[in-house]
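Just so you know, all these numbers are worked out from the coordinates, no wet-lab data involved. Because the structure is predicted, anything quoted here is derived from the model rather than measured. Because the Cβ atoms are built from the backbone with ideal geometry, glycine has one as well, and the counts that use them run over all protein chains shown.
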Amino acid sequence: MPKIEVVAENLYRTLGKRLTDSELESLLTAAKAELDGKDEEAGILKIELNDTNRPDLWSTAGLVRQLSGYLGRDVRCYDFFSTSEEVFETGERVVTVDPDLLDTRPYIVAFAVSGKAVDEPTLMDLIQTQEKLCWNYGRKRSAIAMGVYRSDLITYPVRYVAADPLKTSFIPLQSDRELNLVEVLDQTPKGQEFGHIVRDFTKYPFITDDNGKVLSFPPIINSAEVGAVQVGDNRLFIELTGTELKALIHTASIVACDLADDGFTIEPVKIIYPYDTEFGRELVIPYYFQSPAAVSMKDVCKLLGAALSPDEALAALRRMGVFGLHDSGSIYVTVPEYRNDFLHPVDIIEDIMIGHGMDRFEPEMPDFFTPGRLTAEEEFSRKAKEIMIGMGYQEMMYNYLGSARDFIHRMMVSSEGFIQVENPMSENYEYVRKSIIPSLLQSEAVSSNAVYPHRIFEIGKAAYADGSEPSGTSTKNYLAFLQAERGSGFNQIASQISGLLYYLSREYSLKDVQDSRFIPGRAAEVICAGKTAGIFGEVHPQVLENWGIQMPCSVCEIDLDLLL
Amino acid sequence: MDIDVRNLHPLEVKVLLHIGPGDEITAQSVIESLGFNIGQCNQAFSWLEAKGFLAEHSRKTRTYYELTELGSSYAEAGLPAERIFTLVRNQGPMTLPEAAGQLGISSKDAGSAYGQLAKMRVLGMDDEKRVTALSESLPDEVRTARDLLNKGTEGLIEEASLGEHERWIMHAISKKRGAAAAPFRTLERDEVIYTLTDLGKKFVQELVSREITGDEYGELTQEMLAKGTWKHQQFRSYNVHIPPARIIPGRRNPYNAYLTWVKDKLVSLGFEEFDGPLVETEFWNGDALFMPQFHSARDIHDVYYVKNPSHAAYIDQPYLDQVAAAHEHGWTTGSRGWGYAFDRNFTRRQVLRSQGTVLSAKTLPIAKVPSKYFGIVRCFRYDQVDATHGADFYQTEGIVLGEKVNLRTLLGLLKMFAEEVAGAQEVKYVPGYFPFTEPSIEVHIKHPKLGWFELGGSGIFRPEVSKSLGVDVPVLAWGLGIDRMALMHLGLNDLRELFTPDIERVRLRRGK
């Protein structure tokens, strides 16, 4: 979840009042945000935004917009959005698109701003917004990448082209020499970080102006000249490239609204596509594409469990910065330009809930009776636990993930049937356990200082590959126990199994078995109702040596699901 | 120090009763008069001295004589002088080498024995250089030495117990160093002499008045019961303050016991338990929860992918079609959907269950209305393992279905959890975000010990989730972060400790 840094002074100035930490924390809940920390010296607030569907909140301007609305300030109307009906003139501000981009990174959107010199806070917030949007919402630049340029240096039309990687070169930001596009990927840090997005393309996305002056190599890096925005610049050109046009338009809307709130004049830019898009071949940005959303008051009241009037609902929405009107039992809302998270009427209901205020909903207990019940497996395992404890066993609990060394090599078993993790974080957590026995032996291996005798057990899950299941795996509830003490062995464990199964009221028989984990001739399978329900015996000294265990151990493992 | 006379050990009692006021007592005297062995004697003295009943009065060096190996053989076979005299007396005169040969002693020993007796005119040499007896009997010196040898076989001989004459003889046949060549070794021992302290005198009176003799019974035996002998004696009192020996019982794991307590609590609140496999498909782990397949919402948790089998054979219908349609265009749920092409291959991808909500979703197709369900289930996250992240861990999750459940009943439910499970009185609700619920609520509680913290997340399942899985009524979904309370309950601050393999640590651990 994104975290942003906000200059406290700016926040409070824009909100029109200074808040204590607890007041701020309480207000932030209206944006599903939390105060994550403070840098008192620099006057910076660190704020975590929890709603991944609200990228408009990931900037100081966006957060302030939400919070000041919540405090009752009127929400501003943005008048620079073109729609399918009304399109703004853009004059010379045009971007053309190369048809060769269709199969790689087909979309670009852009707009310009002017009317104010860029100052330090604006620049910092713009860079932060760009990073958060492209990283979290743009999936690490693969879906959305954004560039900001010095508009004064640009001659329209801007050209978004598919460039030959070896024959195209420019001086990227933070470099002092010209590199071709392959060299940019190989030799610059950003190229190494994001190069995978374009490396497989035969031609790379590239942006120049009409004179061939380079803007950037998206989604990797800007040019050193046009792409180096500085404090004091008066006019900016902003473009976003990517794979999902709606997400690009939405992101451009967020940035445009943020800059408009900051005092800039938004200058629309026309994009001319050589291929069809869902909004046609000519698109003027910023562009408003959202449809009105609606919810019935009946659904609002039912889901919230409160008899809200339409006026109360509309007032609540207004505090959330959402305009709506009421007609014949339904609320119709105009989705704000910077939002795209009204998928279902319930999304409006949540805004009504937050806008109305959580404190105004009185908790109420469900008034229907339902019988509580444990699973049959849980009830059975509790019986088994009680018997094991009666026999002097200490219950243990273990992690289910482990290493090949512990689960396979030390146990001298084959890796067959083990569920292996494809992307392990470390080799220590690479396999799902197929048996509890290695866990018990691990205990013994680290517990030679604990007073003997050792009698430990666990009832827990184990899983293995199982071709007979549609899922391809089975998860079972196992009981396993280990006894480590001088002079104990097969006979003691056999007695305990006899006691256990007697009190669980299960008949059983034993069968000789050869198993590499046990001393030959001192292991047996437990057969219940004709099926193998478990195994026990004296652990093979080679296995003990593999674990570094110096005390003889006997173990048993039983499939409780099979006994059930 | 408070000492109860009844708690004295029988050895202590006997020593105290043996010693009179003003008496001086030593180990030797206790051994002789009470029949203690030296170990018992030393133990009794050290206990009594520690309690302040006896005090060291003085130390005295005593001299003892101990038979050497040579002395033992003399005691058995006789002294060389004794043997030569008897031989010559019985068999008549013979040369010295002849006598030594018959007796099996060295000519040197034979010579010195002859010399000793000749000096006292008991033996003499005739003309033919044969040894001849000149007297009827052995001299007193030899007889006395003989007696000392006999006495020496019974144990140490204390110098103080010998008469003047005996002492004089003993000096002649004993040595302090290089004693192997002499019949006796001279030993010097430091002996501590104790006397009763005033406190000791008080306790002696106490013993006497209570008629404690040190002969009281220790254990009650089967035999005493059978014969009724227990009726004739007192039983010794035990010191109830002695630290008891450690016991290692069979026992629940305290973390598991805590989870069991939570389960029982939820059952008592009318919840039915669910459970499920550790390996799940992307379908159940994310898609069914309306998390778009390639959206940043799936960044919320990174999952472990299963290498083999990498994909499930199929996903149950009609849920696959319904969920896919909900993602693509909303299906009939009233949603516009995410608007992308649902990947039906990716949805079969196997992962290790990363959130307990998976089982809530899986329960929907079989859920009763109305109903309440819960599960405490193991989940796996792609996280660096540290004090606050485990490779696998438990999540506590559940759902409540009903025609009439709503936001307010959700708040009521959370309040009930706060009070019943966390023991909190103050509850705060704040809007939250989860991809699968709308509205979403976080519940913060003021815990009696931990202060304000987030107890859990909750919400009402999005219709894209519940309708696609066959449920038309609202579904309250909730999850409780109980590990933090479990750690507090167990006095721990590291999640890894919950699954420690260390037997001793688990044995010592207990709940608060």
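Using a cutoff of 8 angstrom between alpha carbon atoms and counting only pairs six or more residues apart, the relative contact order for the range A:376-563 works out to 22 percent. Entry note, the range B:256-508: relative contact order of 20 percent, from Cα contacts under 8 Å with a spacing of 6+ residues. Would you mind getting the Kirkwood hydrodynamic radius of chain B from its Cα pairs, rounded to one decimal in Å? After inverting the mean inverse Cα-Cα distance, the result is 32.9 Å.
Label separation (A:Asp39 vs B:Lys512): 3.6 nm, computed from points 7 Å beyond Cα along the C-beta direction.
Listed by chain and number, the aspartates and glutamates whose C-alpha is less than 19 Å from the C-alpha of B:Lys108, apart from same-chain residues fewer than 8 away, are B:Glu69, B:Glu82, B:Glu98. Cα centroids of the range B:195-256 and the range B:362-429: 56 Å apart. Which percent of Cα-Cα pairs in the range B:1-96 sits in each 10 Å bin, short to long? The percentages, shortest bin first, are 12, 30, 17, 12, 12, 10, 5, 1.
Summarising the label geometry, the points placed 7 Å from Cα in the beta-carbon direction at A:Arg13 and B:Ala313 lie 6.8 nm from one another.
For A:Asn449, project a label point 7 Å along Cα to C-beta. Then give me every residue of the range A:520-564 with its amide nitrogen under 19 Å of that point. Backbone N within reach: A:548-551.
Spin-label model, B:Met416/A:Asp164: points 7 Å from Cα along the beta carbon direction are separated by 7.3 nm. The calculated FRET efficiency for B:His57 paired with B:His9, based on their beta-carbon distance and R0 = 30 Å, is about 0.85. For the range B:256-508, the Cβ-based charge dipole about the Cα centre amounts to some 280 debye (Lys, Arg positive; Asp, Glu negative; other atoms uncharged).
Over 18 Å apart at the Cα level, from the set A:Lys476/B:Lys307; B:Lys404/B:Lys467; B:Lys368/B:Lys467, are A:Lys476/B:Lys307. Taken along its three principal axes, the alpha carbon spread of the protein assembly as shown comes to 163, 73, 67 Å, from the longest extent down to the shortest.
A simple charge model with +1 on the Cβ of Lys and Arg, -1 on the Cβ of Asp and Glu and nothing else charged puts the dipole of the range A:293-358 at about 100 debye relative to its Cα centre. Computed over the range A:448-564, the quotient of the alpha carbon radius of gyration and 2.2 N^0.38 Å is 1.12.
Counting Lys and Arg as +1 and Asp and Glu as -1, each charge on the Cβ, what is the dipole of the range A:376-563 about the Cα centre in debye, to the nearest 20?
Roughly 400 debye, rounded to the nearest 20.
In this model, which of B:Lys151/B:Lys176; B:Lys415/B:Lys446; A:Lys140/A:Lys246; A:Lys213/A:Lys246 are farther than 23 Å apart at the alpha-carbon? In this structure, A:Lys213/A:Lys246 lie more than 23 Å apart at Cα.
Between the range A:360-379 and the range A:101-174, the C-alpha centres lie 53 angstrom from each other. Given in Å, the Rg to one decimal and the Dmax to the nearest whole number for the Cα atoms of the range B:69-184 are 14.7, 47. Dividing the convex hull volume of the alpha-carbon atoms in the range A:293-358 by its residue count gives 70 Å³ per residue. Entry for the range A:398-450 at q = 0.16, 0.29 Å⁻¹: log10 I(q)/I(0) = -0.45, -1.20, Debye formula applied to identical alpha-carbon scatterers, no solvent contribution.
Using only atoms on other chains, find how many Cβ atoms lie within 10 Å of each Cβ of peptide A:390-403 and report the average.
Whole-number average of other-chain Cβ neighbours for A:390-403 is 6.
Between the C-alpha center of the range A:461-524 and that of the range B:9-70 there is a gap of 61 Å.
For the peptides A:455-463, B:459-467, residues were scored by their other Cβ atoms within 10 Å and the scores averaged per peptide; the highest-first order is B:459-467, A:455-463. Peptides A:274-284, A:58-68, ordered by how many other C-beta atoms sit within 10 Å of their residues on average, highest first, read A:58-68, A:274-284.
Do you know the relative contact order of chain A, to the nearest whole percent, from alpha carbon pairs under 8 angstrom that are 6+ apart?
11 percent
Packing here is the average count of other Cβ atoms within 10 Å per residue, and on that basis the peptides B:182-188, B:365-371, B:352-358, highest first, run B:352-358, B:182-188, B:365-371. Placing unit charges on the Cβ atoms of the charged side chains and taking the dipole of chain B about its Cα centre, the candidate lying farthest along the positive direction among B:Tyr382, B:Leu34, B:Val131 is B:Tyr382. Measuring r between the beta carbons of A:Ser495 and B:Gln425 and using R0 = 60 Å, the FRET efficiency lands at 0.70. Simple rule: put +1 on each Lys or Arg Cβ and -1 on each Asp or Glu Cβ in the range A:3-70, find the dipole, and look at A:Thr52, A:Gly62, A:Leu24; the Cα lying farthest toward the positive end is A:Gly62.
Of all aspartates and glutamates in the structure, those lying under 20 Å Cα to Cα from A:Lys116, and not within fewer than 8 positions of it along the same chain, are A:Asp79, A:Asp125, A:Asp152, A:Asp233, A:Glu239, A:Asp258, A:Asp261, A:Asp262, A:Glu267.
The alpha carbon radius of gyration of the range B:256-508, expressed as a multiple of 2.2 N^0.38 Å, is 1.01. Counting only other chain Cβ atoms within 10 Å of each residue's Cβ, the peptide B:303-314 averages 6. Positive end of the dipole of chain B (Cβ unit charges, origin at the Cα centre): among B:Phe453, B:Tyr314, B:Tyr373, the Cα lying farthest that way belongs to B:Tyr314.
Across peptide A:339-350, the mean count of Cβ atoms from other chains lying within 10 Å of each residue's own Cβ comes to 5.
All alpha carbon pair distances within the range A:94-285 were sorted into 5 Å bins beginning at 0; the resulting P(r) in whole percents reads 1, 8, 18, 23, 22, 17, 8, 3, 0.
At each listed q (0.06, 0.07 Å⁻¹), what is the log10 of I(q)/I(0) that the Debye formula gives for chain A modelled as equal alpha-carbon point scatterers? Log-scaled intensity ratios, in q order: -0.53, -0.67. Working value for the range A:502-564: equivalent-ellipsoid semi-axes of 25, 12, 9 Å, each the square root of 5 times a Cα gyration tensor eigenvalue, largest first.
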